[in-house]
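Each reported figure results from applying straightforward, stated rules to the coordinates on display, with no laboratory input. Since we're looking at a predicted model, the values are computed, not measured. We place every Cβ from the backbone using ideal geometry, glycine too, and count neighbours over all the protein chains shown.
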Amino acid sequence: MDRTAEHDPSDALPSTGLSDAHLIALGEVAYWASRTEALLAQVIAAFLRPDDDLGNAVTDGMTLRNLIELGRKLVRSLEPSSQPRQLFESVAGPAPNAMEDRNHLLHGYWTGGGREPAVFTLVRYSGEKARTFTDQEVRLVAGALSDTSDRLFVLWLVLTGTSDYTTG
């Protein structure tokens, strides 16, 4: 196979059986999940040491759950009314749920056989778990990740002194 040859979009790929709307929504989930994970690591790094690479060294390779747990520990030292603490707490709750949905969608396999809603099955040590997702439900997962990403970006701006964001 010549990997240097350009892909011709008119070349038919094998059908996934998923609708175009599902495939587009899955791409949105992948995009926003990646952005969320990267921004969360940058936020925790900024909490640790905003002016040098120590924070990046600490957060490199950490899972989302570990980053959130570390973030929760770090914000405990802040006043409950502080803007960074409130912004972090606004994402610490919903982020794991959205990422769990993302894991099911992107690490599971589709078993729907062309049905709507599509059935995604995730295999773990504890067994298989099948869940159905309409294309609209997949877009809701993407939306939750997008919202989380936006909040993390605002928090990063505040922590790095780039912006003094105020709500309302």
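Brief remarks on what is shown
- The set of residues in the stretch 77-110 being more than 17 Å from Ala33 (Cβ to Cβ) and aliphatic (A, V, I, L, M) consists of Leu78, Leu87.
- Residues of the stretch 29-45 satisfying the condition of being buried (at least 17 other Cβ atoms within 10 Å of the Cβ) and either not in a helix (DSSP H, G or I) or not aromatic (Phe, Trp, Tyr) (or both): Val29, Ala33, Arg35, Thr36, Glu37, Leu39, Leu40, Ala41, Gln42, Val43, Ile44, Ala45
- Identity of the residue in the stretch 46-97, surrounded by fewer than 12 Cβ atoms within 10 Å (Cβ to Cβ) and of a type in the set (D, E, K, R), that ends up nearest to Ser163 (Cα to Cα): Asp51
- When Val119, Val158 are screened for being surrounded by 15 or more Cβ atoms within 10 Å (Cβ to Cβ), among the β-branched types (Val, Ile, Thr) and assigned to a helix (DSSP H, G or I), only Val158 passes.
- Selection of first residues in the stretch 96-108 that are assigned to a loop (DSSP other than H, G, I, E, B) and of second residues that are of a type outside the set (D, E, K, R) and surrounded by 19 or more Cβ atoms within 10 Å (Cβ to Cβ), restricted to Cβ pairs under 6 Å at least 6 apart or on distinct chains, gives the following pairs, ordered by first then second residue: Gly108/Phe120.
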